[in-house]
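Heads up, the thing below is written out as structure tokens.
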Amino acid sequence: MYTEEEIKKAARDIVSAEKIVALTGAGISTESGIPDFRGTDGIWTKFDPDDFTYSKFIKNPANYWKMSLELGKLLLSVEPKPNPAHLALAKLEKLGKLRCIITQNVDGLHQLAGNTDVIEFHGNLRRVVCIVCGERFPYDLAIRKASDGELPPRCEKCNGILKPDAVLFEEPIPKYALDRSLEEARNCDLMIVIGTSAVVYPAAELPRIAKERDGYRMSLFGLYPADRVMTHKKGAKVIEINAEPTPLTGVVSDYLIEGKAGEILPKILREVERLLGL
Ligand code: APR
């Protein structure tokens, strides 16, 4: 369980940092009613992650959509709203103390909370994309088509097959998101890692890049050492806020504040505001 001293320490680190980036995972949205993936009640206890691969989608898109509609119900039917953790990050951005959020989440809650610079590392489930022409449509359109029996739902423009605009296993990370995330990780002086088990790559590598800075170049399928990438910059401080320790804890992160993000982040925000004399 976290201590008030840890809250104060994190607030001091935020006030003294200049370039702050947040990396978020499913744990920041559990208090909005969306289950995480690997928790006791996680999504992967109800669905088999092996069914959510690109090759499975291509092999039988109609079957994939049947499953995805079930998952969509679980993720979005509760009409999730941003919780105090999302709102605290939005306030930190307004205070000029947060450059951007790199999120693994596909729920769009950071944007709903008011954050304007959100890098969707795993895409967004509120959209669908045509795998032929690349046109994007609201998820609801696919829901409507699918419930009218159009399985798989088809593109309005070219009749191609529509896919949820979330990154499936085996699929590469969207290039824009990967490039920007790498850039932000390399240039931040503080990375706040919130609500992620840090076991899915390449997202889980970003804190290490922020911390270790040099020696790495990222490809679409992961990282490999590169001799010439020296950034001459001191590594960033990495703070974790999570309900339990992760593989980053005590190895990459400077410290873990253990507990619920929806409790911890508003407390840190209040302390930051106090230190800034607001
Ligand atoms: N506050 C803080 N931490 C929390 C909370 C909370 N309210 N609720 C859960 N957690 C923690 C859990 O203890 C766990 O360590 O958040 C973490 C969530 O981990 P995962 O379920 O593995 O989710 P995530 O890390 O986002 O998964 C990464 O895996 O399945 C894929 O594409 C999917 O983006 C996802 C990726």
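The values are calculated or read from the model by the stated rules, or taken from the named source; none is laboratory data. If you're wondering where the values come from, they're calculated on a predicted model, not measured in any experiment. In this analysis, Cβ positions are derived from the backbone assuming ideal geometry, glycine residues included, and neighbour counts consider all displayed protein chains. The protein model used for the area step is the full one, side chains on, heavy atoms only, and it has no ligands, DNA or RNA in it. Shrake-Rupley method; radii C 1.70, N 1.55, O 1.52, S 1.80 Å.
Things to note:
- Residues that are near the ligand (Cβ under 8 Å from one of its atoms) and either surrounded by 15 or more Cβ atoms within 10 Å (Cβ to Cβ) or in contact (Cβ under 8 Å) with a residue 60 or more places away in the chain (or both), drawn from region 36-51: D36, F37, R38, G39, G42, I43, P49
- Residues being aliphatic (A, V, I, L, M), surrounded by fewer than 21 Cβ atoms within 10 Å (Cβ to Cβ) and in contact with an Asp or Glu (Cβ under 7 Å, 6 or more places away or on another chain) - total across region 161-207: 1
- The residues in region 114-155 that are buried (at least 18 other Cβ atoms within 10 Å of the Cβ), under 16 Å from the mean Cα position of the chain (by Cα) and part of a loop (DSSP other than H, G, I, E, B) can be counted, and the count is 3.
- Members of region 167-186 found to be within 13 Å of the ligand (Cβ to nearest atom) and in contact with a Ser or Thr (Cβ under 9 Å, 6 or more places away or on another chain), listed by number: L168, F169, E170, E171, I173
- C158, sole failed condition from (1) open to solvent by 50 Å² or more (accessible area, probe 1.4 Å); (2) in contact (Cβ under 8 Å) with a residue 40 or more places away in the chain; (3) assigned to a loop (DSSP other than H, G, I, E, B): (2)
- Qualifying residue in region 20-34 (condition: farther than 18 Å from E240 by Cβ, open to solvent by 60 Å² or more (accessible area, probe 1.4 Å) and in a helix (DSSP H, G or I)): no
- Single residue of region 248-278 satisfying the filter (open to solvent by 80 Å² or more (accessible area, probe 1.4 Å) and more than 10 Å from the ligand (Cβ to nearest atom)) that is nearest to G25 (Cα to Cα): V251
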